[in-house]
Number of protein chains: 2
Amino acid sequence: MAQIKVPVVRNILQANERLAAENRKRFDNAGIFVLNLMSSPGAGKTSLLEKTIEGLAGRIGIAVIEGDLQSSYDAERIQSKGVQAVQINTDGGCHLDGNMIQIALDSLDLSAVDLLIIENVGNLVCPAEFNLGEHDKIMILSVAEGDDKPLKYPLMFQICSVLLVNKIDLLPYTDCDMNKIRERARQLNANQKVFEISCRTGEGFAPWLSWIEEKVRGHKKLQAGKI
Amino acid sequence: MAQIKVPVVRNILQANERLAAENRKRFDNAGIFVLNLMSSPGAGKTSLLEKTIEGLAGRIGIAVIEGDLQSSYDAERIQSKGVQAVQINTDGGCHLDGNMIQIALDSLDLSAVDLLIIENVGNLVCPAEFNLGEHDKIMILSVAEGDDKPLKYPLMFQICSVLLVNKIDLLPYTDCDMNKIRERARQLNANQKVFEISCRTGEGFAPWLSWIEEKVRGHKKLQAGKI
C-alpha cells in the first residue's frame, strides 16, 4: 500500500505547490493579506472568525473562504456578520487545496478586501500538507483537547506561525496544563506566537486583533513598495 | 487534481477491503470481538480505553492497537493498565488501514484476548473511509466540540454503530445542547446507540461496559456455533 501511495501523493503535492504560488501572486498583486486557519473539529475556528470580524469592523476589509465536507452553515454564520463569504464543499475531502481556492476566488469581489481568512476543513493532520498560497498558517487548539496535542500532531504546530489556545474559560474544569502546551509547542516551533483566548467570553482578543492589524498594514506597505 | 486523485483513491480502497476481509476472518477464527474507535483529536479515545480496561478487568481479555502519526505515548498509557498494546506510527498518515493492522497483529499474542480495540488516528474525516476488519465502528464526540458536528462530519456518524458523547461534566460550561447532538445524530443514523459519559468523573460508564460485555459474549457464541 505504502509503495503505491507515496509517489502519487508526491505528484499531487507538486501540482498543488504550483497552484498555491499562483494564488500567492494574485493575493500580493491585490495587496491582500491571507491567513490559512486550521484546527481539529470543534476547536472554534468559526467562532474565532465571528469575534475577529466584530473586532475589526470598520477598520479592515475582510473576506472569508469556508471549507467543509458538505453544508454551508459556516459561510452563513460568517455572512450574517456582514462580510463576503464563499463556501467550498470538499464532498468528503479532508483538506482544502490550491485549486479549490483558485475557484473560490472567482466568486469574491476582492476590490475592498485587505484580509482574506481561509477556514480549512476541521482536521489536525491533512491540511498541514497543502499550501494554499497564504502568507501565514495559523491554528487553534481548544484546551478541552488536552495538553498532549503538540506531542501527537507535531507537523501542524511546526508549520503554524500562530497558535491560538481557545476556550481558556474551560481551564478550571479540565486537566489541561497551559504551561505544558506552551513548552511543548515551543520545542516544535520556537518562533510561534501564542495567544490565549476565549471566543465565548472575548478574553484575550485585544493582542490577537493587534497582531492581525499589524500584519495587514505591514503587508500593504511591503506590496506598495514593490510597485 | 480531482481527475488524478479519484481513480487512485478507489484502487487503494479496493486493496484495503481485501486486507480488511482477511483481518476479519482472522478475528473470527480466534473468537475475538474487534472495535475500531475513532474521533477528533482530544475527544478522549485513550482516556476511554483506560477507564474501559479498568471497568472490565478480570472479566474480559483485552488487547489494544494504538494508531498515531508518531510517538508511543498512548501505547505506554495503555500498557501501564496491564494489557497488551501495540503502537502503529503512521509517519504523518491520517488514518489506519487494513495492512497496518495485519502487521500489528503479528506483534500480539491473541490466545487470551476476547476484545481487541483499535484506537485510530485522531481525525473525524479520513478514518471513516478505511475498514480494518472490525465488527463495529464506534466514535467519541466531546461536548466541547459543539453540537453541530453531526451536520459537518456526517459520514463518521453514519458508519458508527455507537456514539459516545464524552466530557458531559463540561456541559454546564459550554453552549453545547445534548438534545441537538442526539437529534442530529439520529437523523444520520437511526440505529446508532448513544452513551453519555465522562471519562474524567466515570459518569455513565455502566451501560457502556454492559454493551461491550454483551457484544463480546454474543460474538463468542456466534463463532462457537459456526465451528
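The values are calculated or read from the model by the stated rules, or taken from the named source; none is laboratory data. Keep in mind the model is a prediction, meaning the values are calculated, not measured. Counting neighbours? That spans all protein chains shown, and the Cβs are built from the backbone with ideal geometry, glycine included.
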Q: Looking only at region A:170-179, count how many residues are surrounded by 15 or more Cβ atoms within 10 Å (Cβ to Cβ) and more than 7 Å from chain B (Cβ to nearest Cβ).
A: 4
Q) Among the residues of region A:11-53, how many are more than 14 Å from chain B (Cβ to nearest Cβ) and under 18 Å from A:Leu132 (Cα atoms)? A) 15
Q) Scanning region B:142-169 for residues that are over 21 Å from A:Val165 (Cβ atoms), facing chain A (nearest Cβ under 10 Å) and aliphatic (A, V, I, L, M), which turns out nearest to the chain's Cα centre (by Cα)? A) B:Met156
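For the structure I just gave you, tell me whether B:Glu203 is part of a helix (DSSP H, G or I) and either modelled with pLDDT of 95 or more or facing chain A (nearest Cβ under 10 Å) (or both). Quick ask: steps written out before the conclusion?
Details: part of a helix (DSSP H, G or I): no; either modelled with pLDDT of 95 or more or facing chain A (nearest Cβ under 10 Å) (or both): yes.
Against the criterion (part of a helix (DSSP H, G or I) and either modelled with pLDDT of 95 or more or facing chain A (nearest Cβ under 10 Å) (or both)), B:Glu203 does not qualify.
Taking B:Leu96, is it closer than 30 Å to B:Gln223 by Cα and either out of contact with any Asp or Glu (no Cβ under 8 Å at 6 or more places or on another chain) or small (Gly, Ala, Ser) (or both)?
Numbers: closer than 30 Å to B:Gln223 by Cα: yes; either out of contact with any Asp or Glu (no Cβ under 8 Å at 6 or more places or on another chain) or small (Gly, Ala, Ser) (or both): yes.
In short, yes.
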Q.
Step by step: first the residues of region A:73-100, then only those that are in contact (Cβ under 8 Å) with a residue 12 or more places away in the chain and of a type in the set (Gly, Ala, Ser), then the one that is farthest from the other protein chains (Cβ to nearest Cβ). Which residue is that?
A. A:Gly82
